[in-house]
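None of the figures in this text is laboratory data; all of them are computed from the coordinates on show. For clarity, every value in this text was computed on a predicted model and none was experimentally measured. FYI the Cβ positions are ideal-geometry reconstructions off the backbone, even for glycines, and counts take in every protein chain you see.
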Amino acid sequence: MAPVPLSIATVLGSARYGRRCEPIAQWVANGIDTRQDMTSDLIDPLELPLSLGEQPLPLDSWRLLEERMEKADAFVIVTPEYHQGYPAVLKHLIDIVPSVWQDRPVGFISYGTYSNGVKAVEQLKQVLYSLQAIPVDQPLAFEGVERYFDHSNAFRPSIDATHHLSVLLDRLRHAL
Ligand SMILES: Cc1cc2nc3c(=O)[nH]c(=O)nc-3n(C[C@H](O)[C@H](O)[C@H](O)COP(=O)(O)O)c2cc1C
């Protein structure tokens, strides 16, 4: 009998206009979609009740987000490096749904212009450990991320990167 497909939620770390994050996260989602053993969801801060100015958080959308993330068996976080850390919008997302990370494997895809985003991932791991998540030590990182994009902002990773994504997804499965 075929194994029950794992639900993998890919979390976008950037809400910036013109963000590279979106095509990278879409590439991850496509990679998940090609597999029989996983299904994909995209958690995009731009579609969420994340405005700091909107307090209290709209209860219905907040509950919907929590329920959606609860359904995930594991996460992939796609994050840029901003000033040697990760974006505030990602911290806010983690903070408003802190319980969903517990006992779930988390993989990382990071990038930056000067670095490969490793400092962002180190800081994320520290926070996620405190929420009893299971960070998976198989990072996929892009230094000088702009060179992996064409003029229409389409992501053009190497075949190697596609292989590393597949290894990362395998590691998530085995971490459960
Ligand atoms: C506020 C800000 C801070 C940044 N800080 C860094 C940094 O510390 N290291 C780095 O390599 N790139 C840095 N960059 C470049 C980003 O990593 C690069 O622009 C990336 O594409 C941003 O991700 P996004 O397009 O998905 O928002 C920074 C960019 C911004 C907007």
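Return the tail of the calculated pair distribution for the chain, meaning the percent of Cα-Cα pairs more than 22 Å apart.
Value for the chain (Cα pairs over 22 Å): 41 percent.
Please name which of TYR148, HIS174, THR162 has its Cα lying farthest along the dipole of region 9-175 towards the positive end, using unit charges on Cβ (Lys, Arg +1; Asp, Glu -1) and the Cα centre as origin.
In region 9-175, that residue is TYR148.
Counting only C-alpha contacts under 8 Å and six or more residues apart, can you give the relative contact order of the chain as a whole percent?
Answer for the chain is 22 percent.
How big is the gap, in Å, between the Cα center of region 1-40 and the Cα center of region 42-77?
Here the answer is 16 Å between Cα centres.
Just the projected area, averaged over all directions, of the convex hull on the alpha carbon atoms of region 1-70: how many nm²? Before the final figure, lay out each step's value.
Working: hull surface 22.5 nm².
Convex hull of Cα atoms, orientation-averaged projection: 5.6 nm².
Along the Cα-to-Cβ line of TYR17, 7 Å from the Cα, sits a label point; which residues in region 44-71 have backbone N less than 17 Å from it?
Those under the cut-off are 46-47.
If you take every DSSP beta bridge whose two residues both sit in region 9-175, what share of them, in percent to the nearest 5, is antiparallel?
Antiparallel bridges make up about 10 percent of those DSSP assigns within region 9-175.
How high is the FRET efficiency between TYR129 and ARG171 when r is their beta carbon distance and R₀ equals 22 Å, given to the nearest 0.05?
About 0.80, to the nearest 0.05.
To the nearest 20 Debye, how big is the dipole of the chain about its Cα centre, given +1 on the beta carbon of each Lys and Arg and -1 on that of each Asp and Glu?
260
Provide the FRET efficiency to the nearest 0.05 for the SER152-THR34 pair, computing r from the beta carbons and using R0 = 25 Å. Can you show the working numbers first?
Working: r = 23 Å, r/R0 = 0.90.
FRET efficiency, SER152 to THR34: 0.65.
Quick one: grab Rg to one decimal and Dmax as a whole number for region 125-176, Cα atoms only, in Å.
In Å, with Rg to one decimal and Dmax whole: 14.2, 41.
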